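Okay, structure first, notes after.
The values are calculated or read from the model by the stated rules, or taken from the named source; none is laboratory data. Worth saying up front: this structure is predicted, and the values here are computed from it rather than measured. Here the Cβ is made from the backbone with ideal geometry for all residues, glycine too, and neighbour counts use every protein chain on show.
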Amino acid sequence: FKVSRISTKPYDGQKPGTSGLRKKVKVFAQPHYLENFVQSTFNALTAEKIKGKTLVVSGDGRYYSEEAIQIIIKMSAANGVKRVWVGQNTLLSTPAVSAVIRERVGKDGSKASGAFILTASHNPGGPTEDFGIKYNMENGGPAPEGVTDKIYENTTTIKEYLTAEDLPDVDISKIGTTSFSGPDGEFEVEVFDSTDTYVKLMKSIFDFEAIKKLLACPKFTFCYDALHGVAGVYAKRIFVEELDANESSLLNCTPKKDFGGGHPDPNLTYAKELVQRMGLGKTNTEGELPEFGAAADGDADRNMILGKRFFVTPSDSVAIIAANAVEAIPYFSGGLKGVARSMPTSAALDVVAKALSLKFFEVPTGWKFFGNLMDAGLCSVCGEESFGTGSDHVREKDGIWAVLAWLSILALKNKDKLNGENLVTVEDIVRQHWATYGRHYYTRYDYENVDAGGAKELMAHLVNLQSDLSEVNKIVKGVNSTVANVKDADEFEYTDPVDGSVSKHQGIRYLFEDGSRLVFRLSGTGSEGATVRVYIEQYVNDSSKISRDSQEALKPLVDVALKLSKMQEFTGRSEPTVIT
Ligand code: VG1
Ligand code: CO
C-alpha cells in the first residue's frame, strides 16, 4: 500500500469528555471528522509510541463501528503501526480491551501498546444516536488528562492526516491474520476471539467451581440482562458455557448495533425488563422471582446488582465487595492494597476502609484517575456511584467482574446451605452490611438534555452561593428545619498522589454537619445539551433507622438541593429524567 497525505481542516468541539469523544453518528460521519481525531491522537502520542507497535481497535459493536474500524486500520498502516488487533465482528468490551492490552501475547511474542475503544458506553446507538471513541494507554487504562488535552489541542490545528487509501477493507468477521506490505515493511491485521483473553483472566481471579455449585443449586435462580450490548458475548461464554447457568437466565444477550432501540444503561429506569423480572417493576410480577439479577451497559463496564425485589446501590456494592473480597475472591486472598471511590460516590467505602485499616482515596469522576493508584500498588478495589465497580486486574471498570464478585460472595455465604436450608439472599447481605457499618442513604437525580446555558448558570449560581454559608443555611432551614447545617462548601479539586497532577472544578460540594452531602456536577459524557447530576447522601448509624425507604429518608435533603440550586428556574424541569 501507499501512504497518502489528505488535507483537512479542524472541527470544533473534539474535546474528549469524562470518557472519550462522544457525538451523534451524523457528526462522526462528516468528511474527515473521525480521521482528524485519530490523527490528532497519533500526533499526541508521538511516533515513538506508534511506529512498529501493536494497537487494539474494537468496541461495543454499535452502529458505525464497522466503518470506523476500516478507517482506523488504514490510518494505522499509514502512520507506521505494525499490527492492528481486532476482536471478531469489532466486538470487545471495554474491560476486555484493557485485559487484551495487559495480557494478550501475539504469535511472535508481541504485546499491544494501546487501543482505540469504539463506544459511547451507556448512550443509545443507531443512525440517529451516538458513536464514540477513546484511547487507552499501555497500562490498559484511559489516556490521562495530559494526553487528552494534547489530543484536543491537535484537533484545533490539524491540517492533514495519513491514510492508506489503496488498502482493501479487512473481513473482520473471520478469525485470522491478513498481511499487507507497505513502505515500512509488513503491516498486519489480526482478528481474534473476543472472549478468550478475558475469560482466562476471570478464571485466574475467581473460584469458578464455587460459583458453579451455587448456580447449580435449584433454589438459586439468576438473571443477566446485557441490554443488547457487548456484555452478551461474555455472558454466554462465562455464565452459560463455563458456569453451566441455564441459557434462559440471559436476557438481551445478542449484541445489536442499536441496542434494540433502548438506552443500554443499567439502572432502574432503562433496564426495564430485568427490573420487572426481579419484582421491582410498577406492576406485580407473577411466579417465582430470581434470587439474583444483574445488568450491563453497552460496553459492559457498568453493572447493576439486584436481589429479589431489592436494589443494591452501587456505592454500597463496592463497599460490600471490599468488605468481603479477601475471603470470597482468591485473587485478593493476600489482602487489599487499598480502596478508592470517586468523589460523588457515597462514603460507604470509607467506613469499610477505616474498619479494615485500608488505604483510602477519593478521586474525581471517571475511571482514568484510579489507574495511577493501581499502577503504584495503592489500590485493589474501587468504584463509582454510576454503576461502575472494578479492581486492579484491569484498568477499566468491569461489569462482568462485578457480577462474578457478587456471585462469589453469595457462594461463600451459602456454602453450607446449598442442600436445602434457606439461602442467604442479596438483601440479607446488604442489610447485614448496614447493621455492621451503618447505612448511607443515597440517591442521584439526573436532569438529562437540558439547555446548556441554563445548566451553566445553575452551576455558577451554586458556586456563588458558597461564599456565604449563613445565607446558605438560611435557605436550608427555610426548606426544612430538621436538616443539619452546612459546615463547608467548595469545588472538588484533586491532586494525584502519584504524579502530582491537579484536576480542578470536579464538582460542587455542600457538606453538612451530620456528614450528609449534596454534590452537583455537569455530565461529561453526553452528546447533546447538558445533563445536571445531583448526588444526595445521608449517613445513619443507628440500627433502628437503617431500614427506611431511601427516597423517603432523603426527601428533606432532596428538597434542599432543589431549592439551593433553583433547579426548576434554571432548567425548566420540575422532575428529573432518571432517579437512581
Ligand atoms: C458518567 C459517570 C461516571 C463514569 C462515566 C463513564 O460520567 O457519572 O462516573 O465514569 O460516565 O462511564 P458523566 O461525566 O456523564 O457524569 V461509561 O460506562 O459511560 O464509559
Ligand atoms: Co460504559
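In the set ILE205, ILE175, ILE133, ILE117, only one residue is farther than 20 Å from ALA300 by Cα, of a type outside the set (Lys, Arg) and either touching a residue at least 40 places away in the same chain (Cβ under 8 Å) or not assigned by TED's automatic domain parsing to the domain that holds THR94 (or both); that residue is ILE175. Of all the criteria given as (1) within 11 Å of ligand 1 (Cβ to nearest atom); (2) without any contact (Cβ under 8 Å) to a residue 60 or more places away in the chain, the one not satisfied by GLY388 is (2).
Of all residues in region 339-360, which are surrounded by fewer than 21 Cβ atoms within 10 Å (Cβ to Cβ) and either of a type outside the set (A, V, I, L, M) or closer than 20 Å to ASN139 by Cα (or both)? Residues satisfying the conditions are ASP350, LYS354, SER357, LYS359, PHE360. Taking region 170-252 and the helices (runs of 4 or more DSSP H) fully enclosed by it, the elements with 2 or more residues that are in contact with a strand residue (DSSP E or B) (Cβ under 6 Å, 6 or more places away or on another chain) and closer than 29 Å to ASP392 by Cα are at 231-235. Exactly one residue out of GLY126, GLY185, GLY114 is more than 28 Å from the chain's Cα centre (by Cα) and either of a type in the set (A, V, I, L, M, F, W, C) or away from ligand 1 (no atom under 16 Å from the Cβ) (or both): that is GLY185. Could you list, ordered by first residue, the pairs with Cβ atoms under 7 Å in which the first is in region 392-403 and free of Cβ contacts under 8 Å to residues at least 40 places away in the same chain and the second is within 13 Å of ligand 2 (Cβ to nearest atom), at least 6 apart or interchain? Close Cβ pairs satisfying both conditions: none exist. When VAL502, VAL476, VAL486 are checked against the criterion of being β-branched (Val, Ile, Thr) and touching a residue at least 40 places away in the same chain (Cβ under 8 Å), VAL476 stands alone in meeting it.
Here ASN324 passes the criteria (1) at pLDDT 95 or above; (2) within 14 Å of ligand 1 (Cβ to nearest atom); (3) in a helix (DSSP H, G or I) except the one numbered (2). For region 509-542, the tally of residues that are more than 20 Å from VAL450 (Cα to Cα) and polar (S, T, N, Q) stands at 3. Across region 129-140, the qualifying residues are those that are within 15 Å of ligand 1 (Cβ to nearest atom) and not in a strand (DSSP E or B), and the one among them that is nearest to THR269 (Cα to Cα) is GLU129. Counting just the residues of region 43-75 that are within 16 Å of ligand 1 (Cβ to nearest atom) and in a strand (DSSP E or B), which one comes out farthest from GLU190 (Cα to Cα)? Once the filter is applied, the top-ranked residue is GLY59. Counted as qualifying within region 335-446 are the helices (runs of 4 or more DSSP H) with 3 or more residues that are closer than 20 Å to MET278 by Cβ and within 16 Å of ligand 2 (Cβ to nearest atom), namely 399-413.
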